[in-house]
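Working notes, beginning with the structure itself.
The values are calculated or read from the model by the stated rules, or taken from the named source; none is laboratory data. All values derive from a computational prediction rather than experimental measurement. Positions of Cβ are backbone-derived with ideal geometry, glycine not excepted, and every protein chain shown enters the neighbour counts. With ligands, DNA and RNA removed, areas are computed over all heavy atoms of the protein, side chains included. Shrake-Rupley method; radii C 1.70, N 1.55, O 1.52, S 1.80 Å.
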Amino acid sequence: MRKHFETVYKRLIEANLSENTLCKEFWMKIKKLHANFNEEDCWSLLVENIEWCINTGTMTTEDLIKWFTPDQLNAHGIYISGNIKINSGFAIGIGDVCIEAVGHSKVILFDTAICKAFDTSFVKGFHESSMEINNCVGEAFNFCNVIAKDFSKIEAWDDATVEAQTYTCVMAHDRAQVENSYHSHTLVV
C-alpha cells in the first residue's frame, strides 16, 4: 500500500496541488501520512475521498484493480465483480459489479458498475454506470443511466440519462436527458 500511496503523492506534487488548491484538511492528512505512514489510515483516506481521487485522475479505477487484489478491495467496501448485497451499509462499485442496496445504504459507482437500490438508499453514479432506484435518492454524472421509480429523487448532470417513473422528481443539468412518466416531474436547471 505504501508504494501506491507514494505514486499518488508524487502525482499530487507533479500536478502542483497543495493546500492552496486542495481542501486544506485533505492535504494535511496526505502530508501526515507521507511523514508517518499507516496503512489503515491510508485506506480510510482513499475510501473517504475516492470520488475526488478518481474524478481528478489522481488515481484511476484501473490503478485500483492493478494495485490491489479483489480481497483487499472488498475488505474496504470496494467491489469489482460479482453480485453484492448490502443492508444499511456502504459500497463502492468499480468494474462490472452489481450491487443490491437496501435500508439506508450509500453506494458510489464507477466504470460500468450497476446498483439496484430500495428503501432510502443514496446512490451516486459516474462514468457509464447504471442504477435502478426505488424510493431512493441518486446523483448521476458523465454517461450514467438511471431508472428512478416511485418517490425517488434524482439529480443528473453531463450526459446522464434518466427514466423517471411514477412520482419521481428529477433535477436535470447540462445535457442530461429525462424521459418522464405521467406523474413524474423534471426541473431543468
Accessible area expressed per residue, the chain, with surrounding protein chains retained (probe 1.4 Å, Å²): 52 Å²
Heavy-atom accessible surface of the chain: percent carbon and sulfur, 1.4 Å: 51 percent
Net charge over other residues, Cβ less than 10 angstrom from the Cβ of CYS144 (K, R count +1; D, E count -1): -3
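Within the chain, which whole H helices from DSSP have a Cα span along their axis of at least 15 Å and a mean Kyte-Doolittle hydropathy of 0.5 or more, if any?
In the chain, no H run is both long and hydrophobic enough.
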Segment 100-189 shape via C-alpha gyration tensor axes, a/c threshold 1.5: oblate
From the coordinates shown, Cα Rg over 2.2 N^0.38 Å corresponds to which of (i) 1.50; (ii) 1.09; (iii) 1.14: (ii)
Distant-in-sequence amide H partners of PHE90 (H built 1.01 Å from N, under 5 Å): LYS106
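Give me the net charge for the shell around ALA113: Cβ to Cβ below 13 angstrom, other residues only, Lys and Arg +1, Asp and Glu -1. Display every interim value, and only then the final one.
Values: positive: LYS116, LYS124; negative: ASP96, GLU100, ASP111, GLU128, GLU132.
That works out to -3.
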Most to least packed among 53-65, 149-161 [average Cβ atoms within 10 Å]: 149-161, 53-65
